[in-house]
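Chemist: Handing you a structure now.
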Amino acid sequence: MNFENFGQSLQLMGIGLATVFCVLLFIIFFGNVLIKLVNKFFPEEEKAAPSAAASASAVDANVAQAINAAIMKLTGGKSKAEKIERI
Amino acid sequence: MGEILEKIYGMTALGNFVENPSYIIMILLAFFLLYLGIKKEYEPLLLVPIAFGVLIANFPGGGMGVYAAVDTTVNGVLYHNAVTLSDGTIWSDANGIPYNIYEVGLPLIAHDLGIMNYLYYALIKSGLLPPIIFMGVGALTDFGPMLRNLKLAVFGAGAQFGIFAVLLVASQFFTMQEAGSLAIIGGADGPTAIFTTLKLAPHMLGPIAIAAYSYMALVPVIVPLVVKLTCSEKELKINMKEQDKKFPSKQEFKNMGVLKILFPIAVTTIVAIIVPDAVSLVGMLMFGNLIKEIGNNTSRLFNAASNGIMNAATIFLGLCVGATMTVDAFLNLKTIGIVAGGFLAFGFSIFGGILLVKIMNLFSKKKINPLIGATGLSAVPMASRVANDIALKYDSRNHVLNYCMSSNVAGVIGSAVAAGILISFLG
């Protein structure tokens, strides 16, 4: 049995697990502080702030109008797009 | 005529296959991995490029296999990071002095060793791609469920137990650097495993990456197995929503949008101060998340990080990692140790999270479903989905997905921090 490696691994286990716990406990603590600070200084949700993910899938109004115009022309005004999504 | 046939035979790879049939084993392995990726859909986005990398690297004479840099003695003189070519000669300059691969320019690597070695040493060995992929992962991660159940994030730490438990065992069979690289498979995070192995034991990169991604693909099998062995039916029936009603939280969220923007900045700062070696992973993860949460003003950056850059990085990472799995690097006893050790690390990590929940349940009135501990490993969001399915099997009203996502996302941070610690102590 390699006692030197075993000892070092045991030491790393103690330090490693303790550090991971500390980091996550810090994140929990400061996360809670952050929640309180945001509640105090920014109490209202801004309505016009869609996330990047949401805006990426949205289609510009002009583009939607152009797509609809093309569909109307092709179908002789019988159909139009109800929902346009980026895929 | 005989001479022409001999020349044609020499041109093809047939002679090499006859000389060294091990190549055939590697090619069959590549076919098997391609089958798993394509037909069985085991992490196809990564397993397919890795498997194809294995395939093209193992055609003798193709020049697509990545050469390992090892210290070599020639005429009694030690040369660092020398490369032994496939014909057994050492890659040397005109005076016969072996090149140190880290001291030569990339064009020379491309010219002498081929394009795959160029890509490997420029993109992978430099440590560039894993943090880039972390940026993409961050852009696709929502920290909302974690912020709503912040206390549950602590289980992301419990589930790192497997890393250090297997380090203890592996240190008896491997060097400490190799043992650290093997143990990090327990973090259940592919880019983290690759990043750590590159720093500690780059010669084991191929098998470790394959083991890490294979076990991540097997989360739907491994998590239920460990849960079945360690949890009672009563524990699995703990309904988190009912517990929330019994013991309501005083926390309220008035502006989640601003909170989500400030959170990645705060986490990066905390991790950078405590474990600087983890910043390249956690920092990029949080940067990716920040550009997602800012919204319209950074949507172009978000699009690049989560689509183009991440996809390109995934292709090169997969192909290059696969190309490191040559006959010499893969067909040895260490690979068996990695496969077995990786499984143990994975299992112990899940058990570590469950154990922490059980201990906390002993002292707390508000009970927690042990599945939330089981998802403390990083495999996001698959581990949470699997845990949710298990909970629903025992109680069809018990949706634990959002709770599991908290420990699951915390697990990503936890495994990156654990990697930073291993690199800092063993690197």
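The values are calculated or read from the model by the stated rules, or taken from the named source; none is laboratory data. None of the values given here were measured: they were computed from a predicted structure. Using ideal geometry, Cβ is built from the backbone for each residue, glycine included, and neighbour counts are taken over all protein chains shown. These accessible areas exclude ligands, DNA and RNA; they are computed on the full protein's heavy atoms, side chains included. Shrake-Rupley method; radii C 1.70, N 1.55, O 1.52, S 1.80 Å.
Chemist: With 10 Å bins from zero, work out the P(r) of chain B over every alpha carbon pair and list the percent per bin.
Modeler: Result, from short to long distances: 5, 21, 29, 24, 13, 6, 3, 1, 0 percent.
Chemist: Given the options B:Y118, B:Y215, B:Y403, which has the most mean-square fluctuation in a GNM of chain B, springs set between C-alpha atoms less than 10 angstrom apart?
Modeler: B:Y118
Chemist: When the Karplus curve 6.51 cos²θ - 1.76 cosθ + 1.60 is applied with θ = phi - 60°, which whole-Hz ³J(HN,Hα) does each residue of the range B:201-218 get, with x for Gly and Pro?
Modeler: For the range B:201-218, the Karplus curve yields 9, x, 5, 9, 4, x, x, 5, 4, 4, 4, 4, 6, 5, 5, 4, 5, 8 Hz.
Chemist: How large is the translational diffusion coefficient of the range B:362-426 in µm² per second when you combine the Kirkwood radius over alpha carbon pairs with Stokes-Einstein at 20 °C and 1.002 mPa s?
Modeler: 169 µm²/s
Chemist: Can you flag which of A:K40/B:K292; A:K36/B:K254; B:K237/B:K365; B:K245/B:K365 are past 18 Å Cα-Cα?
Modeler: Details: A:K40/B:K292 24 Å; A:K36/B:K254 9 Å; B:K237/B:K365 16 Å; B:K245/B:K365 13 Å.
The pairs that break the limit, which is 18 Å between Cα atoms, are A:K40/B:K292.
Chemist: For the range B:268-427, taking Cα atoms only, what is the radius of gyration to one decimal and the Dmax to the nearest whole Å?
Modeler: Using the Cα atoms of the range B:268-427, the pair Rg, Dmax is 19.0, 56 Å.
Chemist: Oh, and also: Once you order the gyration tensor axes a ≥ b ≥ c over the Cα atoms, which shape class does the range B:278-353 get: rounded for a/c under 1.5, otherwise prolate or oblate by comparing a/b with b/c?
Modeler: oblate
Chemist: Which value in deg cm²/dmol, rounded to the nearest 500, describes the helix-derived mean residue ellipticity at 222 nm for chain B, given -39,500 (n - 2.57) per DSSP H run of n ≥ 4 and division by the residue count? Can you show the working numbers first?
Modeler: Working: 25 runs with 278 residues, N = 427.
Helices in chain B give a 222 nm mean residue ellipticity of -20000 deg cm²/dmol.
Chemist: Let me ask another. If you bin the C-alpha pair distances of the protein assembly as shown every 20 Å from 0, what whole percents do you get?
Modeler: It works out to 21, 49, 24, 5, 0, in whole percents.
Chemist: Under the Kirkwood approximation applied to all pairs of distinct alpha-carbon atoms, what is the hydrodynamic radius of the range B:156-256 in Å?
Modeler: 16.2 Å
Chemist: Where the centroid of each part is defined by its Cα atoms, how far is the range B:181-208 from the range B:277-333 in Å?
Modeler: A separation of 15 Å, based on Cα centres.
Chemist: What list of ³J(HN,Hα) couplings, whole Hz, do you get for the range B:119-124 from phi and the Karplus terms 6.51, -1.76, 1.60, once you set θ to phi - 60° and write x for glycine and proline?
Modeler: Result, rounded to whole Hz: 4, 5, 6, 7, 9, 9.
Chemist: Which ³J(HN,Hα) values in Hz, rounded to whole numbers, follow from the phi angles of the range B:235-244 under the Karplus curve 6.51 cos²θ - 1.76 cosθ + 1.60, where θ = phi - 60° and Gly and Pro get x?
Modeler: 5, 6, 8, 4, 8, 5, 5, 5, 4, 5
Chemist: Quote the relative contact order of the range B:290-405 in percent (integer), defining contacts as alpha-carbon pairs under 8 Å separated by 6+ residues.
Modeler: Reported as a whole number, the value is 15 percent.
Chemist: Moving on to the next point. Do any GluC sites (Glu not before Pro) in the range B:232-273 lie in a loop, going by DSSP, with at most 11 other beta-carbon atoms within 10 Å of their beta carbon, and if so which?
Modeler: Listed in order of number, the matching sites are B:E252.
Chemist: Please work out how much accessible surface B:D328 shows to a 1.4 Å probe, ignoring ligands, DNA and RNA, in Å² rounded to 10.
Modeler: Near enough 130 Å² of accessible area.
Chemist: Continuing with this model, one more query. When only alpha-carbon atoms count, how far does the range B:111-201 stretch along each of its three principal axes, as whole angstroms with the largest first?
Modeler: Answer, in whole Å and largest first: 55, 38, 12 Å.
Chemist: Among B:L259, B:L182, B:L33, which one shows the highest mean-square fluctuation when chain B is modelled as a Gaussian network with alpha-carbon springs under 10 Å?
Modeler: Comparing B:L259, B:L182, B:L33 in a Gaussian network model of chain B, the most mobile one is B:L259.
Chemist: Right, here's the next one. As an exercise, find the ratio Rg/Rh for the range B:317-399 from alpha-carbon atoms, using the Kirkwood inverse-distance average for Rh.
Modeler: When Rh is taken as the Kirkwood radius, the ratio is 1.17.
Chemist: When only alpha-carbon atoms are used, what values of Rg and Dmax, in angstrom, describe the range B:64-180?
Modeler: Answer for the range B:64-180, Rg first and Dmax second: 21.0, 65 Å.
Chemist: Can you list residues whose amide H is under 5 Å from B:N81's amide H, if they're 5+ apart or on another chain and H is modeled 1.01 Å from N?
Modeler: B:V70, B:D71, B:T72
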